[in-house]
Amino acid sequence: MSESEWTKILGWPGYRVYRSEINEEAKTVRLWVRRKRGNRKLECSGCGRRIKEIAEVYEREVRDLPCFEYRTTVVIELYRLRCPDCGIKAEKVGLLPSKAPFSKRFEEAVGQACESAAVRRVARQFGLAASTVRAIDMRYLQRWAQGRRRPALRQMGVDEIYLGKQQRFLTVVTNLETGEPLWFGGERKKETLDEFFEKHLSAFQRSAIRAACVDMWEPFRQSLEQWVPECRIVYDKFHILQHASQAVDAGSRQAASVERPVCSEPAHSQSLSPQGEPLTVVELHLRRRHVAVLAELDRPVALAAAETDGETSPHVTGSSRGHLELLPDEGTDGSD
Ligand SMILES: [Zn+2]
């Protein structure tokens, strides 16, 4: 096959194949590519600025999608640039999103496979180590998270996940309208939630939050009061019932005091919905969302846990499921 035919089949925009090698025994294809003549816009990978001065030419070999039964790798000619701001830096190449030896579309294929199969199976399918598949999937998810538009946060959920004796708690912020986990913080202090409000939302974004569904954990309430004073606080029924049953266990005097637990936040808690739905309806609505959120947590929790401490905690999945098992019980009170 001619080099120009390989160029077409490879389909890397802006690059042409100038050499190819087929190994029938090993069933591998190796292609060497360099920039097409018209493709001379070089960008610094440090700052994104356009650079003309080339300091060095070098090669990188990455794995790409297979060609029929042949495992395919591409050797790409790259430049190190002399950036006035960053010094000598590699050029930015969209086809190579990380320092790992894989093309972007190869990583995408692996990440997509991870959406419907266990890591070990994906590893076998692509002939990769399981740890490599996990790393690829993490980058895939991070790129996906960066590239998309986030819907406004108007109804937020704040929850804690118990991770076991060592790591203790993780605070989870979710968008209750989309059912999506947004942020994870270590521990469950006021400072934990403060960090979310301070670093991840602008004043404008905070002002858009109309309601927050939280468990009855005082530090969270204090943080909400400080950062989103206009927001209504709704306690989720599971935690109210938990508190109630604890109080009943503790004695009849305390039991009497939990008859109106929802009203413990008088200024904010009458109704969650802007449409004025009754509170019970809203609570149930929220609770279902919560269940949905928790059911979807596995991969995003793994992502967040890895961002927090640099590796995926094996406790996370188990504990979020454990939490989930508790939730269906709350629906047996006949209010459905
Ligand atoms: Zn630069």
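A few remarks follow.
- Yes/no for residue 162 being surrounded by fewer than 17 Cβ atoms within 10 Å (Cβ to Cβ) and more than 15 Å from residue 219 (Cα to Cα): yes
- Subset of the range 47-80 (residues that are within 16 Å of the ligand (Cβ to nearest atom), in a strand (DSSP E or B) and either within 30 Å of residue 24 (Cα to Cα) or not β-branched (Val, Ile, Thr) (or both)): 50, 55, 56, 78, 79, 80
- Any hit, the range 154-173, residues being β-branched (Val, Ile, Thr) and in contact with a Pro (Cβ under 9 Å, 6 or more places away or on another chain): yes
- Selection status of residue 123, in a helix (DSSP H, G or I) and either in contact with an Asp or Glu (Cβ under 9 Å, 6 or more places away or on another chain) or surrounded by 15 or more Cβ atoms within 10 Å (Cβ to Cβ) (or both): yes
- Condition check for residue 110: under 17 Å from residue 139 (Cα atoms), in a strand (DSSP E or B) and within 28 Å of the chain's Cα centre (by Cα): no
- Among the residues of the range 29-46, those identified as over 29 Å from the mean Cα position of the chain (by Cα) and either within 16 Å of the ligand (Cβ to nearest atom) or surrounded by 14 or more Cβ atoms within 10 Å (Cβ to Cβ) (or both) are 29, 30, 31, 32, 33, 34, 35, 41, 42.
- When we screen 128, 141, 182 for residues that are part of a loop (DSSP other than H, G, I, E, B), crowded, with 17+ Cβ neighbours inside 10 Å and aliphatic (A, V, I, L, M), the only hit is 128.
- Positions within the range 81-100 being part of a strand (DSSP E or B), surrounded by fewer than 19 Cβ atoms within 10 Å (Cβ to Cβ) and either more than 13 Å from the ligand (Cβ to nearest atom) or not aliphatic (A, V, I, L, M) (or both), in sequence order: 82, 87, 91
- Test: residue in the range 146-158 that is modelled with pLDDT under 95, within 30 Å of residue 227 (Cβ to Cβ), in a strand (DSSP E or B) and among the charged types (D, E, K, R): no
The values are calculated or read from the model by the stated rules, or taken from the named source; none is laboratory data. Just so we're clear, the structure is a prediction, and the values are computed from it rather than from any experiment. Please note: Cβ atoms are built from the backbone with ideal geometry, for glycine as well, and neighbour counts cover all protein chains shown.
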